[in-house]
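Inspection log for the structure reproduced underneath, given as structure tokens.
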Amino acid sequence: MRDATPDFEEFVAACGPKLLRTAWLLTGDPHQAEDLLQTALAKVWPKWDWISIERPEAYVRKVLVNSHVSWWRRRWTGELPHGELPEPPVQRADPFEDVVLSQVVATAVRALPPRQRAVVVLRFFEDLSVEETAEVLRCTTGTVKSQTHRALAALRGKLPVRELMLDGGRRDGN
Amino acid sequence: MTGTDFLEPDRPDGPGGADTGEEQELRILLQQAAPHLPAPEDRIQRILARAARTRRRRRAAGLGAGLTGGLLAAVLAAAPAIAPSSPHAGPLGVAAAPAPAPSTAAPSPSSAPEGPDAVGPLGVAISFRTVSEMVVNVPKGWLTQENDWANPEVSIGTLANQPIADPTACADKETFCLPVGRLRSGGAVLTFRLVKDPTRVAEYVETSTPAEVTTLTKECAAVGGDAELIGHRTVTSTTSLSVIELDACLREPTTVVTQQVQQVLESIRSFERQSPTPEGPTG
């Protein structure tokens, strides 16, 4: 097993945290997220010397998202989406509120089909354009738009209430 | 659901429209909700170990699949004999192949081993001038030819188990054609190409899977081929990395020929790793 090159280690150190958050949104579970991230990086590592170093994060993100979609196709994890979600929290003074918020969002996003989930994460967490999202998912822009539309429709009413937004900017940059 | 849901059900929105308020709110919410998880200290080691495991597994799978592919090809090749009245093509199109036309090619001396047990070790190692970092072994009795196309993406060189025509038999040096006469039964002509398209390079770099059946190209059909296999290997030099495509055009392939194609693919390697000096192409 050859050793990691310094630039690969630097990349993992610099971009790992953000990619891990993306993986968490895709999987809804911290252990699966780490597993997914390591899977993607292990796929990329043998090609690292060759990969264009201009935008390695975009390349790894693409591998990450597509690995998740293929995971989902290959193995059923036993998760079943629920029509009714727990009542979202309305108070945020609780120290566990971050955990609760994460659970509610994870549950709602995880209830989406994998492609819709990927579209939501890429467009609204990674801030990719419709065209960039289509390129990552190897589909048309029309598909991205329709998947976005369906995902938003599915999420309506299932995500936390407006109280979260009132102090939402407080945690930006954390 | 309550009246305070931020994604309100009745809001008309267009999927392709401008960023709506709800989309902006969703952005903020996802940023808030995605936790900052700690990274395991040995993440790099785990990644490298996974990559090494994957490589080992693929190599093992490649060997197994190569054997399976050979057996499959043998069964398909035998299909007309088993069901001679079948009017429809099998997966390789063997059953539907027209009655063999009289071959115009001169009969080859028994260049290919005959019989299902005749697959032996490969013969000499050669390299082609166009892509000199690649070394490949040639089955005993096969012929080789350095191709003279202007573009190594079109062809680097040819191996065949029957006589190879003069390269000038092809119309020009830009359009690919197979420099053989009509393939005889059990005939094989293998073309090596350099893959340069970045997307395809990314797809095939470090691939170690066996050659797989692909759609018959018109160039292969033109010389009487009825099955085509394609495989990829990566070779490196001190300064670069090259993905090589092996395209095998076959006519009524036998198990032996199919296994020889897989052997040739497996033998593709980088020049630096080869201790004996390779010979130049012959034939």
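Side notes on the structure shown:
- Hits in the stretch A:7-22 (condition: small (Gly, Ala, Ser) and either at pLDDT 95 or above or surrounded by fewer than 16 Cβ atoms within 10 Å (Cβ to Cβ) (or both)): A:Ala13, A:Ala14
- Some residue of the stretch A:45-52 being at pLDDT 85 or above, closer than 20 Å to B:Ala39 by Cα and either over 13 Å from the mean Cα position of the chain (by Cα) or surrounded by fewer than 20 Cβ atoms within 10 Å (Cβ to Cβ) (or both): yes
- Those residues of the stretch B:230-256 which are assigned to a strand (DSSP E or B), farther than 20 Å from A:Lys47 by Cβ and touching a residue at least 60 places away in the same chain (Cβ under 8 Å), in sequence order: B:Ala248, B:Cys249, B:Leu250
- Taking the stretch B:176-193 as the range and being touching a strand residue (DSSP E or B) at 6+ places or on another chain (Cβ under 6 Å) and either farther than 14 Å from B:Gln145 by Cα or part of a strand (DSSP E or B) (or both) as the test, the residues that pass are B:Val180, B:Ala188, B:Val189, B:Leu190, B:Thr191, B:Phe192, B:Arg193.
- The stretch A:97-127 - residue that is under 12 Å from the mean Cα position of the chain (by Cα) and without any contact (Cβ under 8 Å) to a residue 24 or more places away in the chain and, of those, nearest to the other protein chains (Cβ to nearest Cβ): A:Phe124
- Here B:Glu206 meets the list (1) acidic (Asp, Glu); (2) in a loop (DSSP other than H, G, I, E, B); (3) surrounded by 22 or more Cβ atoms within 10 Å (Cβ to Cβ) almost entirely, failing just condition (3).
- Within the stretch A:13-32, being more than 7 Å from chain B (Cβ to nearest Cβ) and in a helix (DSSP H, G or I) holds for A:Ala13, A:Ala14, A:Cys15, A:Lys18, A:Leu19, A:Thr22, A:Ala23, A:Leu26, A:Thr27, A:His31, A:Gln32.
- Considering the stretch A:122-157, the residues that are acidic (Asp, Glu) and in contact with a Leu (Cβ under 9 Å, 6 or more places away or on another chain) include one that is nearest to A:Ser70 (Cα to Cα), namely A:Glu135.
- Verdict on A:Thr143 being under 11 Å from A:Leu26 (Cα atoms), of a type outside the set (A, V, I, L, M) and more than 11 Å from the chain's Cα centre (by Cα): no
The values are calculated or read from the model by the stated rules, or taken from the named source; none is laboratory data. All figures in this text were calculated on a predicted structure; none of them were measured in a lab. Virtual Cβ from ideal backbone geometry, glycine too; neighbours counted across all protein chains shown.
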